[in-house]
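Novice: This is the structure, below, for whatever I ask next.
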Amino acid sequence: MTSVAEDLDGTERTALLTRISGSALGPFLGLILVFSLFAVGDIVRSNMTGKRVSFLTVSTGQQLLRDSSLTAVAALGMLLIIIAGGIDLSVGTGIALCATVTAWLFREGYPTAAALFGGVATGCLIGLLNGTLITSLKLVPFIVTLGTMSILRGIGLILSNPLRINASAQTPDWVKELQIAYHEPKWLMVSTGVWLTLLLSIAVAVLLKYSVFGRRVFAVGSNEATARLCGINVAKTQIAVYTVAGFFTGIAGLFFFAMSSGDVDPNDGVGKELVVIAAVVIGGGSLNGGRGSLPGMLGGAGIIKTITHGCTILGIGTRYQQVIIGTIIVTAVALDQLRQRRLRE
């Protein structure tokens, strides 16, 4: 016969697994629905105009996966932050700054390893800065990261002085080809960045599911006061979360640098934070903290990029794309709030 403590432990483990996996089915069903709608729309367009079908092709699939990987790898860090009850509005300008630093190092003649390390290290420093400011100043993450969003953009413009940094000539071809959609050799099928994102996703899943750190992240996000009473160092956990998230921002910056072929504009990061946050929220992450879905987040990133590609192929303007994505974000947050109210009742 099992003891009450053992039964409770089993219940807690089940609850933890539920919070980690979230409702991945919903986002993936949504992804299938969105993809199907654009596929049908492309077929109708093709029949009406006589143009070739361009959405349901292997090349489009490769582009979707390549573009989704940049959003998804940044969203891995945002997932940790949101589960811990935080938010990071600086991730977009952070991605651009990491890419700018990489471009600047290449342009100044630094070795490839130093340039790549410098970009990723910049992301870690950004995360460390955000986490330290939030915990030391006792300010809400929204305010802190809103400020650092502007600071990071300014630093990028100072480095570029004041426009773009073009380090294409100094960048090795293999770096620029990290995020090439139609990869060689063909047996890889998709870009190297997609495979790297998959590996990092597995690492985050293991971190959340099996590590003490993962349990602390959920505990802090669920109830910070209770986590503190349980002996968890909330400040250190939050700093660690933002620093790890900064690492993923650095990797996203590397992806962005590769997709830009070494020609980087620090202003290009503006607005990317909304896409990254949207991927987590659409995937089942709660802005109240304590819950997030890694598979759902991947599905959310796929939904956003499918909408972008589909609208482009069908000739739907960028402004309408923004309306569609914004509507989806508001709907996802509203559903989460409704779910939270029902749980409280």
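The values are calculated or read from the model by the stated rules, or taken from the named source; none is laboratory data. For clarity, every value in this text was computed on a predicted model and none was experimentally measured. Every residue, glycine among them, receives a Cβ derived from its backbone with ideal geometry; neighbour counts consider all protein chains shown.
Novice: Which condition does Thr226 not pass, out of (1) in contact with an Asp or Glu (Cβ under 8 Å, 6 or more places away or on another chain); (2) within 20 Å of Lys138 (Cα to Cα); (3) not hydrophobic (A, V, I, L, M, F, W, C), if it passes all the others?
Specialist: (1)
Novice: What is the residue count in segment 181-198 for residues that are out of contact with any Lys or Arg (no Cβ under 8 Å at 6 or more places or on another chain), surrounded by 17 or more Cβ atoms within 10 Å (Cβ to Cβ) and in a loop (DSSP other than H, G, I, E, B)?
Specialist: If we filter segment 181-198 for residues that are out of contact with any Lys or Arg (no Cβ under 8 Å at 6 or more places or on another chain), which is where we start, we get 182-189, 192, 195-198.
Retained after the next criterion (residues that are surrounded by 17 or more Cβ atoms within 10 Å (Cβ to Cβ)): 183, 192, 196-197.
Then drop every residue that is not in a loop (DSSP other than H, G, I, E, B), which leaves 183.
Within segment 181-198, residues that are out of contact with any Lys or Arg (no Cβ under 8 Å at 6 or more places or on another chain), surrounded by 17 or more Cβ atoms within 10 Å (Cβ to Cβ) and in a loop (DSSP other than H, G, I, E, B) number 1.
Novice: Can you go through Leu137, Leu129 and tell me which one is under 22 Å from Gly77 (Cβ atoms), aliphatic (A, V, I, L, M) and at pLDDT 95 or above?
Specialist: On the way: Leu137 fails: at pLDDT 95 or above.
Only one candidate qualifies: Leu129.
Novice: For Val34, indicate whether it is assigned to a helix (DSSP H, G or I), over 25 Å from Leu200 (Cβ atoms) and among the β-branched types (Val, Ile, Thr).
Specialist: Numbers: assigned to a helix (DSSP H, G or I): yes; over 25 Å from Leu200 (Cβ atoms): no; among the β-branched types (Val, Ile, Thr): yes.
It is false that Val34 is assigned to a helix (DSSP H, G or I), over 25 Å from Leu200 (Cβ atoms) and among the β-branched types (Val, Ile, Thr).
Novice: Oh, and also: Taking the criterion of being at pLDDT below 85, under 18 Å from Ile282 (Cβ atoms), out of contact with any strand residue (DSSP E or B) (no Cβ under 7 Å at 6 or more places or on another chain) and in a helix (DSSP H, G or I), would at least one residue in segment 6-19 satisfy it?
Specialist: First, pick out the residues of segment 6-19 that are at pLDDT below 85: 6-19.
If we keep only those that are under 18 Å from Ile282 (Cβ atoms) as well, we get 19.
From what's left, out of contact with any strand residue (DSSP E or B) (no Cβ under 7 Å at 6 or more places or on another chain): 19.
If we keep only those that are in a helix (DSSP H, G or I) too, we end up with 19.
Yes; the residues of segment 6-19 include at least one that is at pLDDT below 85, under 18 Å from Ile282 (Cβ atoms), out of contact with any strand residue (DSSP E or B) (no Cβ under 7 Å at 6 or more places or on another chain) and in a helix (DSSP H, G or I).
Novice: Right, here's the next one. Quick check: anything in segment 52-71 within 30 Å of Lys236 (Cβ to Cβ), at pLDDT 85 or above, of a type in the set (Gly, Ala, Ser) and outside any loop (DSSP other than H, G, I, E, B)?
Specialist: No: zero hits.
Novice: Separate question: When the residues of segment 228-242 are narrowed to those that are part of a helix (DSSP H, G or I) and over 25 Å from Ile126 (Cβ atoms), which ends up farthest from the chain's Cα centre (by Cα)?
Specialist: In the first step, residues of segment 228-242 are kept if they are part of a helix (DSSP H, G or I); the result is 228-229, 234-242.
Filter once more, so that each one left must be over 25 Å from Ile126 (Cβ atoms): 228-229.
Working: Arg228: 28, Leu229: 31 Å.
Within segment 228-242, the match that is farthest from the chain's Cα centre (by Cα) is Leu229.
Novice: Kindly provide the set of residues from segment 206-245 that are polar (S, T, N, Q) and over 21 Å from Val73 (Cβ atoms), ordered by number.
Specialist: Of segment 206-245, the ones polar (S, T, N, Q) are 211, 222-223, 226, 233, 237-238, 243.
Result: Ser222, Asn223, Thr226, Asn233, Thr237, Gln238.
Novice: Next question. Would you tally the residues in segment 72-98 being more than 20 Å from Val194 (Cα to Cα), assigned to a helix (DSSP H, G or I) and among the β-branched types (Val, Ile, Thr)?
Specialist: Count: 4.
Novice: I would also like to ask the following. Inside segment 257-345, counting only helices (runs of 4 or more DSSP H) that do not spill past its ends, which hold 3 or more residues that are of a type in the set (A, V, I, L, M), at pLDDT 85 or above and in contact with a strand residue (DSSP E or B) (Cβ under 9 Å, 6 or more places away or on another chain)? Reasoning before the result, please.
Specialist: On the way: elements: 272-282, 294-313, 318-344.
Helices (runs of 4 or more DSSP H) meeting the threshold: none at all.
Novice: Still on this structure, please answer the following. Going by the conditions given, is Leu274 closer than 30 Å to Leu105 by Cα, surrounded by fewer than 20 Cβ atoms within 10 Å (Cβ to Cβ), out of contact with any Lys or Arg (no Cβ under 9 Å at 6 or more places or on another chain) and in contact (Cβ under 8 Å) with a residue 24 or more places away in the chain? Quick ask: steps written out before the conclusion?
Specialist: Details: closer than 30 Å to Leu105 by Cα: yes; surrounded by fewer than 20 Cβ atoms within 10 Å (Cβ to Cβ): yes; out of contact with any Lys or Arg (no Cβ under 9 Å at 6 or more places or on another chain): yes; in contact (Cβ under 8 Å) with a residue 24 or more places away in the chain: yes.
Yes: the conditions hold for Leu274.
Novice: The conditions are (1) touching a helix residue (DSSP H, G or I) at 6+ places or on another chain (Cβ under 7 Å); (2) farther than 22 Å from Gln63 by Cα; (3) surrounded by fewer than 22 Cβ atoms within 10 Å (Cβ to Cβ), and Asn233 fails exactly one of them. Which is it?
Specialist: So Asn233 meets the others, but not (1).
Novice: Pick out the one residue from Ser150, Ser201 that is more than 22 Å from Val270 (Cα to Cα), among the hydroxyl-bearing types (Ser, Thr, Tyr) and assigned to a helix (DSSP H, G or I).
Specialist: Values: Ser150 fails: more than 22 Å from Val270 (Cα to Cα).
Result: Ser201 is the single residue among Ser150, Ser201 that is more than 22 Å from Val270 (Cα to Cα), among the hydroxyl-bearing types (Ser, Thr, Tyr) and assigned to a helix (DSSP H, G or I).
Novice: Next question, about the same structure. Taking the condition part of a loop (DSSP other than H, G, I, E, B), more than 22 Å from Val58 (Cβ to Cβ) and without any contact (Cβ under 8 Å) to a residue 24 or more places away in the chain, does Leu207 pass? Give the derivation first.
Specialist: Numbers: part of a loop (DSSP other than H, G, I, E, B): no; more than 22 Å from Val58 (Cβ to Cβ): yes; without any contact (Cβ under 8 Å) to a residue 24 or more places away in the chain: yes.
Against the criterion (part of a loop (DSSP other than H, G, I, E, B), more than 22 Å from Val58 (Cβ to Cβ) and without any contact (Cβ under 8 Å) to a residue 24 or more places away in the chain), Leu207 does not qualify.
Novice: Also: Do you know which of the residues in segment 59-94 that are touching a His at 6+ places or on another chain (Cβ under 8 Å) and either under 19 Å from Val264 (Cα atoms) or hydroxyl-bearing (Ser, Thr, Tyr) (or both) is surrounded by the most Cβ atoms within 10 Å (Cβ to Cβ)?
Specialist: Among residues in segment 59-94 that are touching a His at 6+ places or on another chain (Cβ under 8 Å) and either under 19 Å from Val264 (Cα atoms) or hydroxyl-bearing (Ser, Thr, Tyr) (or both), the one surrounded by the most Cβ atoms within 10 Å (Cβ to Cβ) is Asp67.
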